[in-house]
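S.K.: Mind looking over this structure? Questions follow.
Here, each number is a calculation from the coordinates, and none is a lab measurement. None of these values were measured; they are calculated from a predicted model.
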């Protein structure tokens, strides 16, 4: 009985030190944050995507808060891969209600369906139905925005985008 307890404690100690899957399978990452503004005003709910230009195209993603601030997340860790990135910023808007012709009352609209397929453009997830982009394509589908994430540095990237 004592040997079993010791073995269980030993296993638990090992898991506590190494973790479950750990961060050892992640590439070198560095913290990335910043602010997105639309014509100089904080933009809430924008999707900020950093896609590495070299190697595996594993993206980091952040969503802006009410102050336009974002922090990137890579897989299950905060940050982005160290290196050069293409940056895409998008914000889609969806109608909140639609009118039913039979009684003229507002009826709820279904939320957009999202898919995780990649169209090969480095743009990541695509929205399959509803909504419209509110940011000019030069900041998302035709983006030329670039950022270099450096290890051990305070990587802050602010962007001022234009609407459509």
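S.K.: What is the extension gain from residue 156 to residue 77, computed as 0.36 nm multiplied by their sequence separation minus the C-alpha to C-alpha distance, in nm to one decimal?
M.R.: Values: separation 79, 0.36 × 79 = 28.44 nm, distance 1.73 nm.
Answer, rounded to one decimal: 26.7 nm.
S.K.: If the chain between residue 65 and residue 94 were fully stretched, how many nm would it gain, using 0.36 nm times the residue separation less the Cα-Cα distance? Present the calculation step by step, with values, prior to reporting the outcome.
M.R.: Details: separation 29, 0.36 × 29 = 10.44 nm, distance 1.80 nm.
Here the segment from residue 65 to residue 94 would lengthen by 8.6 nm.
S.K.: Between region 51-88 and region 128-164, what is the separation of their alpha carbon centroids in Å?
M.R.: If you average the Cα positions of each part, the centres end up 10 Å apart.
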